[in-house]
Amino acid sequence: MESSQNETKNGPQPQSAEARKNAEAKVAGVKKGVRTPYSHLFRVVHWVIGISLVGLIYSGISLHASAHPGWSLFDGIVRPWMWEGPVGVFHLVLGVLFSAAAISIVFCYSQRNGKRQTTHLVLLVGSLLTIGTGLIMLKPYGPSEVYVLARLTHTVVGLVVLPLAFAWHFWLGVTKRRPVLVPAFHPTAAPRWRTFFLFFVLLFFFGGLIFGLVTKPGVYYDLVAERLETPEDDLRALPWSKTRPLVVPLANGIGFDRGRTDVTLRALHDGNELFVLAEWNDPTESRHYIPWQKTADGWKRLVTNPKDETVFYEDKFSLVFPLQPDGAFERFGCAVYCHLGEGHGYGCKEAHQPSDVWHWKAVRTDGSGQVDDKYWTREDEKGGPRRGDPKKGGGYKKNESGDAPHPAKLPDQLASIRKGAIPIDKAVNYSRERAERIVEETVVPGILSAPFVGDRGDVTCQSYHEDGRWRLYIRRKLDTGSQFDVEFVPGQSRSFGVAAFDHTGKRHAYDYSVYRLRLEE
């Protein structure tokens, strides 16, 4: 009574800003037909994080399914009901959107008073874990154990913990907490448009910042080809120690050290030719390509999976250069060219912009001192997306003859076998008499090879495997005159991607980042 008299005597007391805002929200809520205690920002972020989380789970299942069989729960094969196409790109975009929204909702949640729900905490902590481990997987510097732990955590939390928590949260929303479901999501009740606008500005800013740190090449992503006066015939003699190295972390491939290896690149040029040195750790020198083995009962083809061999196969290395500026490649790298599904065990390479591909193969081309000069384009009626540059002769082919249970050719002598292949000029037709001279357990190559003649043979190489490490020296003219080859110009840069294969045909270690090769003038 006394307080009422004082209030009347002294006049109405001014409301605090928070009380006035709550009162306005209640009035607006009544006008809209919705009463909500949730802030406008909290409700908008609910939509963003919910939609992006569903997309991440769906695309994450496809990415996990396409991983190597020893890790995937789906034997490394994308099922027909899974997401197909450039899934890695969508997963990355959704991840950036989810990251910005998750950080925002953590801020909103920390401002709330009242009881904390267990599912809320699981979703929030799980979201932060997937964001952190995802960044480690995108840039897997450091020991392989860190990458393996990050991948395991990301998979378990992203594909098990978060989906279960999200499903339970959704179930509670449509049952026990149904009365607050609409107020928690209603985007226009008691709107705070200034906050709403500011949120999206910050969302795009921080999303772009995260995205830029992950995908946008910077100074430290440049590979500088320094000017050289007089090249040497032996590429090992070039002054590589004076060049600045670029280290590219690769992950998620078969073999290597738990799927991890770092490629160190160096480059030189003399105004006419480009020279590249690539070095990476690989504990075994693999120079087999589905070979034959002589047994007591005849011949045995050494193969575990003809469509996705990961044992009796060669080591490989590749560099990919878009022929024309490609905005999508600049942002996502090789992720835009790798399509899941389409009946492939790992991924199909299809480029909407033609790309020059240097594909070194330890068996099929290295014996000829060449890197396979190929290009990627769109799949059409003329053939698949991966194609070889035109050639006038030479090349490689499988050492088989229809359904015959033996190789089509034998080496004229075992000493003629070169780096896991039989040179075509040293191969002779199979005959029982020649086969009987070969000792049991002898392995005969599954590939016949000869140097490419023409456009496809423009890239030459020298390779050495010592102390568990490959050293690959590559040499090519800056301008070959071919429409399928990228032209290098001193003073200019070219974007490129990198991949390494450890005795596997498809399941290479990769990196989504984009790098630039810049030639000094």
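So here's what we get for this one:
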item: Whole-percent carbon and sulfur share, accessible surface of the stretch 240-284, 1.4 Å; result: 44
item: Label-point separation in nm, residue 188 to residue 58, each point 7 Å along Cα→Cβ; result: 2.6
item: Unit charges on C-beta of K, R, D, E only; dipole of the stretch 34-165, Debye; result: 600
item: Calculated semi-axes √(5λ) of the Cα gyration tensor in Å (choose from (i) 37, 27, 25; (ii) 54, 27, 18; (iii) 58, 27, 18), label; result: (iii)
item: Relative contact order for the chain, counting Cα pairs under 8 Å that sit 6 or more residues apart, in percent; result: 18
item: 36, 230, reordered so the largest accessible area comes first (probe 1.4 Å); result: 230, 36
item: Neighbourhood net charge (15 Å Cβ-Cβ; Lys/Arg +1, Asp/Glu -1) for residue 152; result: +2
item: Kyte-Doolittle mean at least 1.0 and Cα axial length at least 20 Å: DSSP H helices in the chain; result: 40-65, 87-111, 118-138, 193-215
item: Around residue 245: net Lys/Arg minus Asp/Glu count, Cβ-Cβ under 15 Å; result: +3
item: Accessible area of the stretch 372-496 belonging to carbon and sulfur atoms, whole % at 1.4 Å probe; result: 42
item: Cα Rg, Dmax (largest Cα-Cα span) when computed across the stretch 384-516, Å; result: 19.0, 61
item: Pairs from 139/397; 300/374; 316/397; 300/409 whose Cα-Cα separation, in the structure shown, is over 26 Å; result: 139/397; 300/374
item: Charge tally in the Cβ shell below 12 Å around residue 292, where Lys, Arg are +1 and Asp, Glu are -1, residue 292 excluded; result: +3
item: Given charges at Cβ of Lys, Arg, Asp, Glu: the chain dipole, positive-most of 473, 162, 277; result: 162
item: Accessible surface, the stretch 469-518, averaged per residue in Å² (probe 1.4 Å); result: 32
item: Å² per residue, accessible surface of the stretch 229-362 at 1.4 Å; result: 38
item: Efficiency of FRET between residue 237 and residue 437 - r from beta-carbon atoms, R0 41 angstrom, step 0.05; result: 0.50
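The values are calculated or read from the model by the stated rules, or taken from the named source; none is laboratory data. Note that this is a predicted model, so its numbers are computed, not measured. No Cβ is skipped: glycine too gets one built from the backbone with ideal geometry, and neighbour counts run over all protein chains shown. Calculation scope for accessible area: heavy atoms of the full protein, side chains included, ligands and nucleic acids excluded. Shrake-Rupley method; radii C 1.70, N 1.55, O 1.52, S 1.80 Å.
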